[in-house]
Amino acid sequence: MQIRIATRADVPAVLGLLADDHISRDRGFGIVPESVDAAVWAAFEAIDADDRNELIVAVDGDAVIGTCQLTFIPGLSRNGAERMLIEAVRIDAGRRGQGLGGELIRWTIERARERGCAIVQLTTDKRRTDAHRFYAALGFEASHEGMKLLLRDTNR
């Protein structure tokens, strides 16, 4: 498995990974359209142009088998420490249980170290109990209670 920053050509496969998830389907995102719409392309272009954001893919040959998004956040708290936020972690359903998710997250942690981050953080849906165990085994602690406020419907 190779882990790298995603290219525009990876976007349809990333959308497929994001859609292949029961919680995403519950939110109304479960079908990837034949053509990627302008809003998704604009989001990719914004991520790609921003040095504080990275869309990451894990590939096996030509197949995208994993993804996540990294955001590097400067802050005044903790003596000006920068933190890295990991979002939208997915491994292809047929490839789960092979250690690939752990490899991807360990890679992201090294990426945070390379960038000088003091903290790596993520959120995970309360219903993802397997993910909670997975992240705890990698050293993450459930130290905070996250909250969200939906400002508009993002379902497809």
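Summary of values
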item	result
Yes/no for Phe72 being under 23 Å from Thr123 (Cβ atoms), at pLDDT 95 or above and among the aromatic types (Phe, Trp, Tyr)	yes
Among residues of region 65-80, those that are open to solvent by 20 Å² or more (accessible area, probe 1.4 Å) and among the aliphatic types (A, V, I, L, M), counted	2
When residues of region 52-64 are limited to those that are under 26 Å from Arg83 (Cβ atoms) and not aliphatic (A, V, I, L, M), the one most open to solvent (accessible area, probe 1.4 Å)	Arg52
Checklist (1) open to solvent by 60 Å² or more (accessible area, probe 1.4 Å); (2) under 21 Å from Met1 (Cβ atoms) applied to Ala49, failing item	(2)
Members of region 120-136 that are open to solvent by less than 50 Å² (accessible area, probe 1.4 Å) and within 11 Å of Ile86 (Cβ to Cβ)	Val120, Leu122, Thr124, Tyr135
Any pair with Cβ under 7 angstrom, 6 or more apart, that starts in region 86-110 at a residue that is under 19 Å from Ile47 (Cα atoms) and ends at one that is assigned to a helix (DSSP H, G or I) and open to solvent by 20 Å² or more (accessible area, probe 1.4 Å)	Ala88/Leu18; Arg90/Leu18
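The values are calculated or read from the model by the stated rules, or taken from the named source; none is laboratory data. Just so you know, these numbers come straight off a predicted model, no measurement behind them. With ideal geometry, Cβ positions are generated from the backbone for all residues, glycine too; neighbour counts draw on all protein chains shown. Just so you know, the surface numbers come from the protein's heavy atoms only, side chains and all, with ligands and any DNA or RNA stripped out. Shrake-Rupley method; radii C 1.70, N 1.55, O 1.52, S 1.80 Å.
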